[in-house]
Structure formats: structure tokens, C-alpha cells
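My questions will all concern the structure given below.
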Amino acid sequence: MALSPLWQRRLHKFKGNRRGYWSFLVFMSLFVVSLFAELLANDKPIVLHYDGAYYFPAWKAYPETTFGGDLETETVYTDPFVAELLGKKESWAIWPPIRFHYSTIDFENTAPAPAPSNERHFLGTDDQGRDVMARILYGFRVSVLFGLVLTGISALIGIVAGAVQGYYGGWVDMIFQRVIEVLNSIPFLVLLITIASMVTPGFWTLMAIMVFVMWVYLVDVVRAECLKTRNQDYVRAARALGVKDSKILFRHVLPNAFVAGLTLIPIVLNISITSLTALDFLGFGLPPETASLGELLKQGKDNVHAPWLLMSGFVTLAVIMSLLVFIGEAVRDALDPRKAG
Amino acid sequence: MALLDIKNLSVSFKGHQGDTHAVRDVSLQVAKGEIVALVGESGSGKSTVAMSVLQLLPYPTAYHSAESRIAYNGQELLGLSDAELRSIRGNRVSMIFQEPMTALNPLHTIFKQISESLFQHQAGLRREDAIAQVRQLLTDVGLEKLHNRLNAMPHELSGGERQRVMIAIAMANKPDLLIADEPTTALDVTVQAQILRLLKGLQQKTGMAILLITHDLTTVRKIADRVLVMQHGEIVETAKTATLFKSPKHPYTQKLLASEPSGAALPLKKKTKTALSTKELRVKYKSNAPLLPWNQTYNEVVKRLGITIPEGSTLGVVGESGSGKSTLGLALLRLIKSEGEIHYHGERLDQRNTAAMRPLRRELQVVFQDPFSSLNPRMTVGQIIEEGLKVHGIGATEAEREVIIDDMLHEVGLDAASKHRYPHEFSGGQRQRISIARAMVLKPKFLVLDEPTSALDLSVQAQIIDLLRDFQQKYGLTYLFISHDLRVVKALSHKVLVMRHGEIVEQGDTAAIFDAPQQDYTRSLISAAFAEKL
């Protein structure tokens, strides 16, 4: 798809902001890397060659009997007994760089949990003996994915709601605005905690609850932009051509308002991630076994004698937030028509 | 020695795709007490020259060449420090700008804004003395009525009054040189004449010099001693005002003078049907938002108007801003709410709802004033023109529509390749052609033209008028031509309607109105537009 000259200029401007552009590149590579977390931190080999055949334990579960063991259950590759079994025939394996899944409890570690950094665990373990590095990797992925989906859904609802209010104005606008004011006046976390205590939150229920409060963020900007756009002569001209209201809204008004909404999206993403972390920290977030940054911070608070927990959680969050803020600034400047060059 | 002596001035702007050279090697002198006009179309660099004198350009994006010299009273201004420049700005050399609506700070009182430069340049000035000086300045600019309202805010004043306040601010420290950048462009014709008279009077009284920047040749003719014509960043001709208007030398000047709107409407066929008429047409806006519905008050913008437009003719609607002329145009097309009857070829438009209006939209089209806001910046020219075709099902396939679009673009004087480009790549005149193409592609019968030439340069105006005249002849179109510019109206209209405060002041055949106006208001409009002297 060819970009319009307007977007080419914006892209050029975005790339011109070096801090923002580099933040974007770093963030995207971190995100892409975390999508392949199973290949980076796992307690199963990526490829296993055993007795002339190839196995892919990271994707497929093989019972221990495959390798001459006794159990019908999935092979535990870290078990010394399994290692012994594999050693009996000609075999080799490619392991991920971190040999722990986020849920793996390392019983072999010499130091008691939470253990400080050693040669087995680069960032140490948490108070249940799980590798912190692996948990951060998976936690980052969950946070960003959750944030992206949440931002996407809220932005979609917010932009459409804002456009409808701004374009039609009058009573529609009046009622929507009051609803938003009511929503805004309820403390966000209290509302979430109340709902989360009534239903057991999973990934999608939590998502639904958070969309309920997050969609209002974009409404105001988009609404204001639409109020402005609907009085432009090109909207009048479209009405004079006999174009239907819904078409005018989607073809003439929304694309212009969308840009205004776009500048806010990195900020909304930021708020989404922070909110999820806060909920996890308070224990009302994702199910307890999920790897999450909020849970890591909570462990840090509970284990003050193990500063590596708090530090690694804090640094990860700080990096994500800073990168997103820098990207947000660059996006805002690139879309700002008043800034030349 | 000249008061202002600009030698070999060049101004360039840094940009992505190389630098733009806005002004090249311009030399000009302004003697003491002289009114010099710098004339040119938009983009000719005339404002850039004016801004260079007080160095108000966005440095360092803008920069001057090494040979550039600007001497004021023998003192070199380029390269002065900010502090030194400040002692000249608003003190010895003042400036007034085009847009009186935005040039004043909306949050400060008139007194504060006028006295600001007094306090800035007169050390130890006492408040009582400042008040006396401000009152004197208000008298000078003809605003005696504000003597006891020094705390008035800008929004309480009309456009003309605000421009007078701007002049008072500029005059505060009795400057030797006043730079006026399009001082009357944003004002109504009758107010324009008043402001020009005021400037001329002040100049004669104080003996200051004026450097007048304008695109409007009428203004120049009325007050300037000498005229410099600029084109593409260079001065192409310098002459005494009388000489220039009598015998222009440079081809560009000749073209400028020749493009003053001229000619008359095409002769009408005898006995034509009425295309459109109204009876008691009213448009009102809510003027407050009361808690109780019966406290609602209205502001009537168009008051019980009855008009008749014969088929194939042009009705020119003339009036100053706020007279309701644009509202009338929108109401006729049912683009805003109105009361009263609108008849179109025997049909009652006012009784049709949105859906019932839709099939008729093909015949009733509109072209707006501002070529920049009337085209969606995110659509290509092709998409813009195609939109109406799709709505009305003209051209069954994409290929068919493309042929229609190409023909239309050709007809308005653009090449077919334009359809792949975006509006911002075109000049104002070209954009207006696109707007006209968007309306004309539906082959309408009735076209509302809402100030279609006001935002355009003179030479482009003439082209657009010719284009509209051609279309009328070719397709027998009926026009409602709305404009504040009487010269354009005269060139295109069969009948003229003069509006003021939503009412008809006078209407009749064009020749009758212009040759023998019956009302004082019409007379003042005509004299402001056509008189050669103040």
C-alpha cells in the first residue's frame, strides 16, 4: 500500500526524532523477542535428537515412555533420571539459553529461595525458587500483549464514541458526556477491585473490566476534533452532494479525528500496563500462577532482604514506561501540523 | 538620505528539500514622509521583506545573504542585538498586521495593550500620563467613544475598531516609519475606506513614512506616492503611482492591472422561467442556552426574504460580513434550518426531508469561499470528484467514472494526472478549480457560489470568473453569486441584491443598481469599491 504524501512526511518526521525512533526500535525488538519467550526460557529443549529421530519438546508433549522410561506422563527433561535415559542411546539436544520456564521451580539450586544471582540464575530466583529472568521475560510479554489489546479495543470504542458525539452533537453528546463524567468520577482502582472481587478474573474478564473504564480516555480529544471538523466546508460540500451522514462520518470526519486519537495511544498503552501492574501488585489481577511484573514487585515488597526482586521489577517497568513515553512524544510531534520540518 | 534604505536584501528559508529563496536581491528606499506601496500576489515575498526590517522572521530557519543591508536613518539594522532592536521596534519603526481579530490579545484591556509600548519606551512614565496619552491616541484614530471605556476588551469591538486600536498601538511612540502589512484586507469595503483615510490623515499630520504591503491595487491607487511591484521574490517595477497606473512597463504589472474584474454578464434570453424563488425565508440561530425552553431567544440572521432567480441568470448577493448573505445561500440548499417557502421549478424544497432532498442534490450544488478548508486533505482529487458520482450513481463502472473525471478536470483547466494528487499540492486557484469540478461533475442546474474568488489573487480571480461565465453559457446554469466585492459581482451578475442585517436594502438589474443606486448604503458600498481617490 502506498502511503499518502502526508503520511510519508509524518513518517519522516517521526524518524527524525532520534530518541523516539530508537525507543520505538528497541521496544519493538524487545516485544518481538518476548513473543518467542518459549525458545529463550524453557525447561524443555527446543530440538531433541534421540535414537535417530527428531523431537520438538518445546511444542509437543512426549510421554517418558518414548525415551524408554516408565511414566505415561510428559517427560520432565530436567530430571537427572531422564538425562540418564537419554544418555543410554545416541542423543543430543539444543536447549534455550535459560533452562527454566516461568513456572519451573528449581529444586536443584543450592541457595535457599529467594536466591541471589548465581551461575544457574542470572537474576536470582523469587521466593518460590522460580527464575526471575524467565518470569520477567514472560511477564513483559503478558503486560505488553494485555496493554496492546486493551488499548486497541478502548481506542476503537473511544474513537467511534467520540466521533458520534462530536458529529451529531446536541442530545447524543449531552447524554454521552454525562455518562463519561459519572464513569470518571468513580475511582478507577476501587471500581476494578470491587468487580474483581465478585468475579474470578482471567485474562479476558479482566480485559472486559478494564475496557469499561479505559475507553473514555480518547473520547474527549476525538470529540473536540469532530466538533471542529463537522463545520469545515468539505463536510458541508459532502452534505450538498447528498452523501449520507454515516458515510460523511466515516469518510470525512473520522479519519481527521483519528489522527488526534493516535497521538494519545502510546499514553493509553502506558496507563494500561501500569494499571495491570497495580492490580497484580494488589493481588486482584491475573490468576496467581501467571508471570507478571506486578507480582514480582509484590514479592520484592514482601522480601525486603532480597533486593534483586524489587530492583529487576522496577528496572523493567521503568524501561517500558520510558520507552513508551519517548515514542509517544515522537508520535505527537510527528502528527502536529504546526511543527514544521 | 532615505529614512529606510534596503540594499540587495535576500531572504531564504531552510527546508527539507533544499532552501527556499523567498526574497532575492531586493533594493528599495522610503524617504521621510513618503507612502510607498509594495504590491504583489501571495507568495511574492512582499510580507517577508516587511518582516525583515524589524527582523521578525523565524531565525535561524530564515537567513539573509551576506550582501543584504537594511539601514534605518543610516544605522544598519541587520545583525543588531535583541536589546538594540527592541529600542527601535514599536518606537521608531512600528508595524500593523492584517488580521485585527488575532493581532490583539483577547485577555487584555485596550488600555493595557496601547500603553504597553508607552511604558516600554518611555522610562519613568506615570500612570496618569499614560492614561492621557492613550486617550489622545484614541482620539487620533477616531475612537473618542472609548475614552471612558479604557477597560474594554477586544471582543467588544468590531473588526474596524480593532484595526484602529492596532494603529493606535503602532502610533503610540510617534514612529518615523509605519509598516502596514495588508492593513485593510480582512475588513469590509466601507471600513477599508475609513481605515485608509485614517492612515493618510495620520501620515499628513505627523509626517511619518508608511511602507504599505498589499495585494489590492485599489488601495494602492488611493494612497501611495510610489509603487514597487514584486513577483517571485524580486522587484520588477518601480514607479510613481500615477505613472504606474497610466503606463505600466513590465509585463507582469500590465497583467496585474488587466486582471481587475471587468466585463459584464452574458445577455439573457427573453422570457425565461423562474428557477428558484423564496417567500418569507427566515433563518434564526439560538442566541442563548436557557434552563427553561420559553426563555429561548433567537438571533434572526435572514429576515423574511423573498427572492426570485430566473433560469440561466446570475443573482449577485452583495453585503458586508454579518449581513446574512452566506446564510441565505446555505438555507436555499437546505444545508441549514430555515422557515418559509423555497420553490425550485415548482417544487417546495422546504417541505422535503433529508432523504427526499438527496435526488435533488444533483441539481443544486455549491462552491465555497476558502479553497483550503473546502477540500478534504486526506482524499485525492480523484476521490473528491468521484464522491458525488458514486452517490448519484453516475457512471456504472470505475473506468466510466474515470473518463468523466478526466473530462471534468480538463474542462476546469487541470490535467488528468491531477486526480492522483492531494489538495495540498495545489495552489489556491487550482483548488478552487477542483471545488468547481466537484460541483460541476454532477451537471447541476443551480449553483450557489459563496465568495468563490475572495481568497484568490487578482489574476486568478479573473480566470475563475471567466471559467464560471463559460459554464453558464455552455450549460445554461443559474447562479447565486455571493460576494462582498462589488467589482466581481458587476462582472458576472444580471441582477444584484444588496443585503444588510439580514434584510434587502435594494435589488434590481445590475446596470440600474450600479449606475443609479437608490439607497445611501448602496452608494457608500459602490463609492468604496470604485472610487479612485479617498
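Tell me which residues, restricted to segment A:248-289, are at the interface with chain B (Cβ under 10 Å from one of its Cβ atoms) and out of contact with any helix residue (DSSP H, G or I) (no Cβ under 8 Å at 6 or more places or on another chain).
A:PRO255
Confirm whether A:ARG141 is at pLDDT 85 or above and not acidic (Asp, Glu). Spell out how you get there, then give the answer.
On the way: at pLDDT 85 or above: yes; not acidic (Asp, Glu): yes.
Considered against the rule, which asks whether it is at pLDDT 85 or above and not acidic (Asp, Glu), A:ARG141 comes out as yes.
Sticking with this one: When the residues of segment B:433-454 are filtered to those that are of a type outside the set (A, V, I, L, M, F, W, C) and more than 9 Å from chain A (Cβ to nearest Cβ), which remaining residue is surrounded by the most Cβ atoms within 10 Å (Cβ to Cβ)?
Within segment B:433-454, the first condition is being of a type outside the set (A, V, I, L, M, F, W, C), and the residues that meet it are B:433, B:435, B:438, B:443-445, B:450-454.
Adding the requirement that they be more than 9 Å from chain A (Cβ to nearest Cβ) leaves B:433, B:443-445, B:451-454.
Values: B:ARG433: 25, B:LYS443: 15, B:PRO444: 22, B:LYS445: 20, B:GLU451: 20, B:PRO452: 29, B:THR453: 26, B:SER454: 14.
It comes out as B:PRO452.
Which residues, taken from segment B:500-513, are of a type outside the set (D, E, K, R) and surrounded by fewer than 24 Cβ atoms within 10 Å (Cβ to Cβ)?
First, the residues of segment B:500-513 that are of a type outside the set (D, E, K, R): B:501-502, B:504-505, B:507-508, B:510-513.
Residues satisfying the conditions are B:HIS501, B:GLY502, B:ILE504, B:VAL505, B:GLN507, B:GLY508, B:THR510, B:ALA511, B:ALA512.
With the condition being of a type in the set (Ser, Thr, Tyr), I'd like the helices (runs of 4 or more DSSP H) fully within segment B:472-534 carrying at least 1 qualifying residues.
Those helices (runs of 4 or more DSSP H) span B:510-515, B:520-530.
Suppose we keep only residues that are open to solvent by less than 20 Å² (accessible area, probe 1.4 Å) and of a type in the set (Val, Ile, Thr) within segment B:72-121. Which one would you say is farthest from B:LYS32 (Cα to Cα)?
My answer is B:ILE110.
Answer yes or no as to whether A:ALA334 is modelled with pLDDT of 90 or more and under 26 Å from A:VAL26 (Cβ atoms).
Values: modelled with pLDDT of 90 or more: no; under 26 Å from A:VAL26 (Cβ atoms): yes.
Taking the combined requirement at face value, the residue does not satisfy it.
Quick one: count up the residues across segment B:330-353 that are farther than 18 Å from B:VAL317 by Cβ and among the hydroxyl-bearing types (Ser, Thr, Tyr).
The total comes to 0.
Considering segment B:271-318 alone, what residues qualify as being open to solvent by 10 Å² or more (accessible area, probe 1.4 Å) and among the small types (Gly, Ala, Ser)?
Of all residues in segment B:271-318, those open to solvent by 10 Å² or more (accessible area, probe 1.4 Å) come to B:271-274, B:277-280, B:282, B:284-301, B:303-304, B:306, B:308, B:310-312.
The answer is B:SER277, B:SER287, B:ALA289, B:GLY306, B:GLY312.
What number of residues within segment B:335-377 satisfy the criterion of being assigned to a loop (DSSP other than H, G, I, E, B), without any contact (Cβ under 8 Å) to a residue 24 or more places away in the chain and either surrounded by 21 or more Cβ atoms within 10 Å (Cβ to Cβ) or facing chain A (nearest Cβ under 9 Å) (or both)? So that I can check it myself, show each step before the final result.
To start, the set of residues in segment B:335-377 that are assigned to a loop (DSSP other than H, G, I, E, B) comprises B:335-338, B:345-346, B:352-353, B:362-363, B:368-377.
Subsequent filtering for residues that are without any contact (Cβ under 8 Å) to a residue 24 or more places away in the chain retains B:346, B:352-353, B:373.
Still in the list and also either surrounded by 21 or more Cβ atoms within 10 Å (Cβ to Cβ) or facing chain A (nearest Cβ under 9 Å) (or both): B:373.
Here the count works out to 1.
Still on this structure, I have one more. Given the condition among the polar types (S, T, N, Q), under 24 Å from B:THR206 (Cβ atoms) and not in a loop (DSSP other than H, G, I, E, B), answer yes or no: does some residue in segment B:22-41 qualify? I'd like the intermediate steps shown before the answer.
Start the filter on segment B:22-41 by keeping residues that are among the polar types (S, T, N, Q), which leaves B:27, B:29.
From the residues that got through so far, the ones that are under 24 Å from B:THR206 (Cβ atoms) too are B:29.
Going one step further and asking which of them are not in a loop (DSSP other than H, G, I, E, B), we end up with B:29.
The answer is yes, given that some residue of segment B:22-41 is among the polar types (S, T, N, Q), under 24 Å from B:THR206 (Cβ atoms) and not in a loop (DSSP other than H, G, I, E, B).
Going through segment A:288-337 one residue at a time, which ones are more than 30 Å from A:THR263 (Cβ to Cβ) and aromatic (Phe, Trp, Tyr)? Talk me through it step by step, then tell me what you get.
We begin by selecting, within segment A:288-337, every residue more than 30 Å from A:THR263 (Cβ to Cβ); these are A:288-291, A:295-296, A:298-312.
Across segment A:288-337, the qualifying residue is only A:TRP308.
Matching residues to (1) out of contact with any helix residue (DSSP H, G or I) (no Cβ under 8 Å at 6 or more places or on another chain); (2) crowded, with 18+ Cβ neighbours inside 10 Å; (3) free of Cβ contacts under 8 Å to residues at least 24 places away in the same chain:
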| position | (1), (2), (3) |
| --- | --- |
| B:LYS145 | yes, no, yes |
| B:ALA152 | no, no, no |
| B:MET166 | no, yes, no |
| B:ILE169 | no, yes, no |
| B:ALA180 | no, yes, no |
| B:ALA186 | no, yes, no |
| B:VAL191 | no, yes, no |
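Is it fair to say B:ALA396 is part of a helix (DSSP H, G or I) and surrounded by fewer than 19 Cβ atoms within 10 Å (Cβ to Cβ)?
no
In segment A:229-242, which residues are open to solvent by less than 10 Å² (accessible area, probe 1.4 Å), within 7 Å of another protein chain (Cβ to nearest Cβ) and of a type outside the set (Gly, Ala, Ser)?
A:LEU241, the sole residue that qualifies.
The values are calculated or read from the model by the stated rules, or taken from the named source; none is laboratory data. Please read all numbers here as calculations on a predicted model, not as lab measurements. Cβ atoms come from the backbone with ideal geometry, glycine included; neighbour counts cover every protein chain shown. Calculation scope for accessible area: heavy atoms of the full protein, side chains included, ligands and nucleic acids excluded. Shrake-Rupley method; radii C 1.70, N 1.55, O 1.52, S 1.80 Å.
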